Amino acid sequence: MKFFRKYISPALYGLLVYFTVRLLHDTEHDEMFWKRDWGLNILEMSCSVLVGYLGIYLFEWLFRFYDRRWPLQFNYQGVVRELIILVFANLVLVNLIFTPMAALTDDGLSWGDFADLTMIPTLYAIIYYGIARSSTWLKAYVVSKVQLEKLTNDQLETELKFLKAQYHPHFLFNALNTIYFQMDEDVPAAKQSTELLSSLLRYQLYDQQQQVPISQELEYLHNYIRFQQIRVSDRLRLSVCFDKLLAEQPIYPLLLLPLVENAFKYAGGDYEISINAKITDGVFNFTVLNDVPAQIQAKDNYTGIGLENLKRRLHLLYPHKNKLTVNRHENRFTAEIELQF
């Protein structure tokens, strides 16, 4: 294969160019190739074979030059630049050999001959370029896509880490605030809260870009709810219902907590909170309802750093497979997450 490509294909390339030019010329002038002097034909074919070898050598040299100058940089400007250089070099070579040959044979050089000697070699040079460089450009395209994907993933990972760093202080502020007020009123309860907080923080050490079984996430929510029950009013009416089918399904950790946290943070009015999790046909639904106190009712809605971060994390971790709905109706606030497992 190497022998054919190096020694045979250049000769065939030169002859292909020659016979195409000869076909157009003979058709235009109503001549027959085989009726010409064979000595002249052999001379022209020999010159064409020479053009083939010189042309292919020139193309390969240019390809190596391109690769050294612009290594694996796929862009349309690069393709156009390479083609312009290759076509110009090919025209110079062709006109150095074919034009004098046409001028000294038959009836001399006409404008038709010049057009044929310009357009046909240019067309074949472009075809050869497309075949010879296709694998190089494909490789460059794949490399650029991989680099772009890696850069995008790095950016997303950085953003997720930033959101995680932003979220932890928000949670710690609320938790420590609870323990702070317990210290003056109920030291044993403060100790219990500290133990629960320690358990919660251990769970938060999980990499938030690695999935965990959903049962683990729900167990974490149970501990968090126990922690919050220590500090809330005795008037609180709490309802928690988790579907028993939720077990080993993978989920990214700490996605559900912001809704529960907001429910306890803003609970008021009739002090009723309802937390439900279920799965239906591969769609996970998590809903939190809570009564809203009077000062919150006056506002259109309430959001905070937790919900804003949650929206962004859902977008990054479950693109096109998540839905976050937040609504308030009279004294009732509802937040719902839907995920396609």
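The values are calculated or read from the model by the stated rules, or taken from the named source; none is laboratory data. These numbers were taken from a predicted model, which means no experiment stands behind them. Positions of Cβ are generated from backbone atoms using ideal geometry, with glycine treated the same way; all protein chains shown enter the neighbour counts.
Are any residues in the range 259-293 in contact with a Gly (Cβ under 7 Å, 6 or more places away or on another chain), over 16 Å from residue 223 (Cβ atoms) and not in a loop (DSSP other than H, G, I, E, B), and if so, which ones?
262, 291
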Close pairs (7 angstrom Cβ cut-off, 6 or more residues apart or separate chains): assigned by TED's automatic domain parsing to the domain that holds residue 328 in the range 266-293, basic (Lys, Arg) and surrounded by fewer than 21 Cβ atoms within 10 Å (Cβ to Cβ) anywhere: 271/235; 271/237; 272/237; 285/278; 289/332; 291/332; 292/328; 292/332
Identify, please: which residue in the range 1-52 is crowded, with 16+ Cβ neighbours inside 10 Å and aromatic (Phe, Trp, Tyr) and is, among those, modelled with the lowest pLDDT? 18
Looking at (1) of a type outside the set (Ser, Thr, Tyr); (2) modelled with pLDDT of 75 or more; (3) surrounded by fewer than 14 Cβ atoms within 10 Å (Cβ to Cβ); (4) closer than 24 Å to residue 265 by Cβ, which is the one condition that is false for residue 205? (2)
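Yes/no matrix, rows are residues, columns are (1) over 30 Å from residue 194 (Cβ atoms); (2) of a type in the set (Lys, Arg); (3) at pLDDT below 80:
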{"residue": "65", "(1), (2), (3)": "yes, no, no"}
{"residue": "71", "(1), (2), (3)": "yes, no, yes"}
{"residue": "113", "(1), (2), (3)": "yes, no, yes"}
{"residue": "116", "(1), (2), (3)": "yes, no, yes"}
{"residue": "127", "(1), (2), (3)": "yes, no, no"}
{"residue": "140", "(1), (2), (3)": "yes, no, yes"}
{"residue": "155", "(1), (2), (3)": "yes, no, yes"}
{"residue": "166", "(1), (2), (3)": "no, no, yes"}
{"residue": "169", "(1), (2), (3)": "no, no, yes"}
